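Reviewing the structure listed below.
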Amino acid sequence: MLQFDPGEIQTRYTLSASDPTVVVGGPRMPLFTGDYQTATAALEAKYSNLPVDYALFQTGIVSGGNPDHVGTGFGEGQDFYGALGPVVSTIVTDKNANVAALLTAAQKTFQTNVLNLKK
């Protein structure tokens, strides 16, 4: 599978370096372990085009030492994504969107309509 070959990954990163729509280096769950993960993480770090360092996030996930990272519950996960979907749609379609207000409203609605009903 070529998409997992480090040489192919490096070629993709090199070719996409001038494309502002390609994001390299964002936070995500590590899919692999050992030497392969180390090599792909090093490539990603070399070609990262995001100004944010996610090292603490990655270390916490890999070590299991991040108590704030928990998967969504079986029932609440889809409700959570349902509450955030319209917010994301508004943010990407309206350059004047008030992100903080949209997220606050979605949080309150989710708290009231989903989490408070679970108690």
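You can think of it this way: the chain between residue 89 and residue 3 has 28.0 nm of extra reach, that is 0.36 nm per residue less the Cα-Cα gap.
Grab the beta carbon distance between residue 55 and residue 105, set R0 = 35 Å, and tell me the FRET efficiency rounded to 0.05.
0.60
Phi-derived couplings, Karplus 6.51 cos²θ - 1.76 cosθ + 1.60 at θ = phi - 60°, listed residue by residue for the range 87-104: 5, 4, 4, 5, 4, 7, 10, 10, 5, 9, 4, 8, 4, 4, 5, 4, 5, 5 Hz, with x used for Gly and Pro. Accessible surface for residue 88 stands near 80 Å², nearest 10, in the context of the full protein assembly shown (1.4 Å probe). At an R0 of 25 angstrom, the distance between the Cβ atoms of residue 63 and residue 18 translates into a FRET efficiency of 0.10.
Here the Karplus curve 6.51 cos²θ - 1.76 cosθ + 1.60, taken at θ = phi - 60°, turns the phi angles of the range 24-38 into couplings of 10, x, x, x, 6, 6, x, 8, 10, 10, x, 4, 5, 4, 4 Hz, with x standing for Gly and Pro.
The values are calculated or read from the model by the stated rules, or taken from the named source; none is laboratory data. Keep in mind that this is a model prediction, so the values were computed, not measured. Quick reminder, even Gly has a Cβ in these numbers, built from the backbone with ideal geometry, and neighbours come from all protein chains shown. These area figures cover heavy atoms from the full protein model, side chains too; ligands, DNA and RNA do not enter into them. Shrake-Rupley method; radii C 1.70, N 1.55, O 1.52, S 1.80 Å.
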